[in-house]
Amino acid sequence: MEPFNNYLNFNTGEILGNCNILIRHLSDMEGMYHDLEAARKIINEGDRLIYRVYNIDVPEKYGHLQHCTSIIYPGRIGNEYHMTKGHFHAQEDTAEIYLVLQGTGKLLMQKKDREVKVLDMQSGSISYIPPYWAHRTINTGNTPLIFFAVYPGEAGHNYGIIKSKGFSKLIIEKDGQIKVIDNPNY
Ligand code: M6P
Ligand code: ZN
């Protein structure tokens, strides 16, 4: 394989070049937001774009490094901030790094033994997600949250556990403040 360049726009998070774009609307995240009624209403009124991922095309194999940008648009579903689906890695002993370019948010992580960790994300923050931690990103600001991620080629995504159980915490807005609360459905 030959070396290659791609070009990242630091303001928009868009990558120009050899990449595929993943677009997630609210309707792609069924049941993931706590307020099912609010989610249903928005979907019925025409749906909403929640985030995009610009993923550079690299073999999903040991030795390679996957890398992408994610752009989470600001907003809430009910009182819960816009977020990614969240996943474990299919190959669970693989880590990941997030570097924030723009915006503010939270990185919610959880192990299978339920241990939970929440880190702040802001321009310049470099978060390390160790092996075995599921991860979800939440935009708690009023502007897009844009971050660059790097992870091992073979890591893969396992969405099943998060889709069925969610995370044990929710990141919500209450009285104008960002709150981390227990997920009543967990
Ligand atoms: C980050 C990385 C990607 C992931 C994306 C969206 O950019 O972790 O691997 O796909 O966030 O998150 P999710 O796949 O959970 O929707
Ligand atoms: Zn990951």
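The values are calculated or read from the model by the stated rules, or taken from the named source; none is laboratory data. Being a predicted model, the structure only gives us computed values, none of them experimental. Neighbour counts run over all protein chains shown; Cβ positions are idealised from the backbone, glycine included. Ligands, DNA and RNA are excluded from the accessible area calculation, which covers all protein heavy atoms including side chains. Shrake-Rupley method; radii C 1.70, N 1.55, O 1.52, S 1.80 Å.
Which net charge results when you count Lys and Arg as +1 and Asp and Glu as -1 among the other residues whose beta-carbon is under 10 Å from that of Glu30?
+1
Determine, for region 1-143, the count of lysine pairs separated by eight or more sequence positions (or lying on different chains) whose alpha-carbon distance falls under 24 Å.
Lysine pairs meeting the criterion: 7.
I need the chymotrypsin sites (Phe, Trp or Tyr not before Pro) found in region 1-80, filtered to DSSP loop residues with at most 15 other beta carbons within 10 Å of theirs.
Within region 1-80, the qualifying chymotrypsin sites (Phe, Trp or Tyr not before Pro) (loop, at most 15 other Cβ atoms within 10 Å) are Phe4, Phe10, Tyr62.
Specify whether the C-alpha gyration tensor of region 92-186 places it in the rounded, prolate or oblate class, a ≥ b ≥ c being the square roots of the eigenvalues: rounded for a/c under 1.5, otherwise prolate if a/b is larger than b/c and oblate if not.
Judged from the Cα gyration tensor, region 92-186 comes out oblate (a/c at least 1.5, b/c at or above a/b).
Between region 41-93 and region 108-130, what is the C-alpha centre distance in whole Å?
The distance from the Cα centre of region 41-93 to that of region 108-130 comes to 15 Å.
What figure, in Å² to the nearest 10, do you get for the accessible area of Glu14 with a 1.4 Å probe and non-protein molecules left out?
Approximately 90 Å² of Glu14 is accessible to the 1.4 Å probe.
When Lys and Arg each count +1 and Asp and Glu each count -1, what net charge do the other residues less than 14 Å away from Pro152, Cβ to Cβ, add up to?
-4
As an exercise, identify the trypsin sites (Lys or Arg not before Pro) in region 8-103 lying in DSSP coil whose Cβ has no more than 10 other Cβ atoms within 10 Å.
Lys61
Ignoring any ligand, DNA or RNA, what whole percent of the accessible area of the chain comes from carbon and sulfur when the probe is 1.4 angstrom?
Within the chain, the accessible surface is 49 percent carbon and sulfur.
Excluding Leu65 itself, calculate the net charge of residues whose Cβ lies under 15 Å from the Cβ of Leu65, where each Lys or Arg counts +1 and each Asp or Glu counts -1.
Neighbourhood net charge equals -3.
How large is log10 I(q)/I(0) at q = 0.08, 0.14 Å⁻¹ when the Debye formula is applied to the Cα atoms of the chain, each weighted equally and without solvent?
-0.24, -0.77
By how many nm would the segment from Asp57 to Asp175 grow when fully extended, if each residue of separation counts as 0.36 nm and the alpha-carbon distance is taken off?
Extending this stretch completely gives an extra 38.2 nm.
Per residue of region 136-151, what does 6.51 cos²θ - 1.76 cosθ + 1.60 with θ = phi - 60° give for ³J(HN,Hα)? Whole Hz please, x for Gly and Pro, Karplus curve as stated.
Per-residue couplings from phi come out as 9, 10, 10, 8, 9, x, 9, 10, x, 9, 10, 9, 9, 10, 9, 8 Hz.
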